[in-house]
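Below is one structure, written out as structure tokens; the observations come after it.
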Amino acid sequence: MISITDLWKSFGSSTVLRGASLNVPAGQVSVLLGGSGSGKSTLLRMKNGLETFDRGHGIGCVPEAHIPNA
């Protein structure tokens, strides 16, 4: 299961994710679809622990984390 709630990510003064949320039940296959620059790769990098997020909550993320609202 993957549950991402209200994720925020900025690079300098550029905010690339604003309150992204996603729920994928165990065993379900899903697609992350969006235009160029919409944050798809950033969201996946945060899910896999390759990028930190500024704010939000992720279950099934590596590492599983909670960052309080700033």
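Counting only protein heavy atoms and a probe of 1.4 Å, the accessible surface of the stretch 1-43 is 56% carbon and sulfur.
Summing +1 for each Lys or Arg and -1 for each Asp or Glu among the other residues whose beta-carbon sits under 13 angstrom from that of residue 30 gives +2.
Scalar couplings 3J(HN,Hα) for the stretch 44-57, obtained by applying the Karplus form with A = 6.51, B = -1.76, C = 1.60 to θ = phi - 60°, are 5, 5, 5, 4, 8, x, 8, 9, 8, 10, 7, 7, x, 9 Hz; x denotes Gly and Pro. Take the Cβ atoms of residue 54 and residue 30, set R0 to 22 Å, and the FRET efficiency comes out at 0.35.
The values are calculated or read from the model by the stated rules, or taken from the named source; none is laboratory data. It should be emphasised that the depicted structure is a prediction, and the values quoted were computed from it without experimental measurement. When we count neighbours, we look across all protein chains shown, and the Cβ atoms used for this are built from the backbone with ideal geometry, even at glycine. Side chains are part of the model used for accessible areas, which takes the heavy atoms of the whole protein and leaves out ligands, DNA and RNA. Shrake-Rupley method; radii C 1.70, N 1.55, O 1.52, S 1.80 Å.
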